[in-house]
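Novice: For reference, the structure I am asking about is given below.
The values are calculated or read from the model by the stated rules, or taken from the named source; none is laboratory data. Keep in mind it's a predicted model, so treat the numbers as computed, not measured. Cβ placement follows ideal geometry from the backbone for every residue including glycine, while neighbour counts extend to all protein chains displayed.
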Amino acid sequence: MMNLTTPVRVPSYGINALRYAIHVVAFCWLAWVYYLALNGSLDGDPVQYLLDFSGIGTLHLLMLSLLVSPIAMRFKFAQLMQIRKTLGVYAASYALFHFYVFTAYELQYEWKLILSEIVERPYITVGMVALLILSALLLTSLNKIKKRMGKNWQKLHNFTYLALILGCIHYLWSVKSDWYEPAIYIVLATILLLFRRKKIQKIIK
Ligand code: HEM
């Protein structure tokens, strides 16, 4: 049986391979689904499909990025932290694509209408706040900016937890009747946040 007190170390090419695999899967999957939608090869409404795929994809990637540090700590596997940023960058990219589908295909760049949807429909407002947080995290993910920001970088990146909560609320609010699927995401998000309860208690104080 694996001894959990022994730190796990793998050759650096192993972690790099995992990072490249995330790039390939996350990028190609989105590009492929978009291609099928443009080609008219998807069943049903392609805009709705793209919105659902990118919205759920954002939540999956965000949750996976928040799963990295509890696993790295549990198994003393510090190298695993290198994939956290890759997952986070794709979470923000999927969210931006989700917004793009909404503005370009659902509302055909009718900016007045887009603005009124953001202001008047609470589930869109909540999604928009989550998107703004993820965009700020994406912009500050470059190493140069991270160094320049010092301690403020960590303070800003603590907003990831709020983005996850808002993303789940947005999902729950967007569904008309089938609330059990969003409820599963809320339970998973709560577990991920419970892993960090001490840190979150400190932030709130
Ligand atoms: C981090 C930010 C966001 C996350 C995690 C997210 C996530 C989701 C999820 C999971 C769904 C439901 C998918 C399904 O039913 O299978 C959804 C639907 C939707 N989202 Fe977002 N979203 C985000 C931001 C936004 C923003 C900024 C907008 C628009 C300004 C937006 C507009 C919509 C719309 C229009 C739907 C479809 C609702 C329907 O089916 O009627 N979302 N989103």
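Novice: If I filter segment 81-135 down to residues being within 11 Å of the ligand (Cβ to nearest atom) and acidic (D, E), which single residue comes out as nearest to V8 (Cα to Cα)?
Specialist: The residue in question is E106.
Novice: Which condition from (1) in contact with a Leu (Cβ under 9 Å, 6 or more places away or on another chain); (2) over 19 Å from V25 (Cβ atoms) is the one that A91 breaks?
Specialist: Unmet condition: (2).
Novice: Same structure, new question: Pick out the one residue from L50, L115 that is aliphatic (A, V, I, L, M), more than 13 Å from the chain's Cα centre (by Cα), more than 21 Å from L194 (Cα to Cα) and exposed (fewer than 15 other Cβ atoms within 10 Å of the Cβ).
Specialist: One residue alone meets the criteria, L115.
Novice: Which numbered condition in (1) acidic (D, E); (2) in a helix (DSSP H, G or I); (3) modelled with pLDDT under 95 is the only one that D178 fails?
Specialist: So the condition that D178 fails would be (2).
Novice: Pairs only if they're at least six apart or on different chains, beta carbon under 7 angstrom, first in segment 129-149 and of a type in the set (F, W, Y), second surrounded by 14 or more Cβ atoms within 10 Å (Cβ to Cβ); list them, first residue then second.
Specialist: Every condition considered, no pair remains.
Novice: Note down all Cβ pairs under 7 Å where the first residue falls in segment 155-169 and is over 17 Å from I191 (Cβ atoms), the second is away from the ligand (no atom under 12 Å from the Cβ) and among the β-branched types (V, I, T), and they're at least six residues apart or on different chains.
Specialist: Sorted first by the residue in segment 155-169, then by its partner, the pairs are L156/T140; N158/I203.
Novice: Next up: Assess whether L61 counts as being within 15 Å of L164 (Cα to Cα) and touching a Gly at 6+ places or on another chain (Cβ under 9 Å).
Specialist: yes
Novice: Mind counting the residues in segment 149-175 that are assigned to a loop (DSSP other than H, G, I, E, B) and under 22 Å from T125 (Cβ atoms)?
Specialist: 2
Novice: If you take the residues in segment 160-183 that are over 16 Å from the mean Cα position of the chain (by Cα) and more than 10 Å from the ligand (Cβ to nearest atom), which one is farthest from L67 (Cα to Cα)?
Specialist: Once the filter is applied, the top-ranked residue is S177.
Novice: Could we say that F97 is surrounded by 16 or more Cβ atoms within 10 Å (Cβ to Cβ), in contact with a Gly (Cβ under 9 Å, 6 or more places away or on another chain) and at pLDDT 95 or above here?
Specialist: Answer is yes for this residue.
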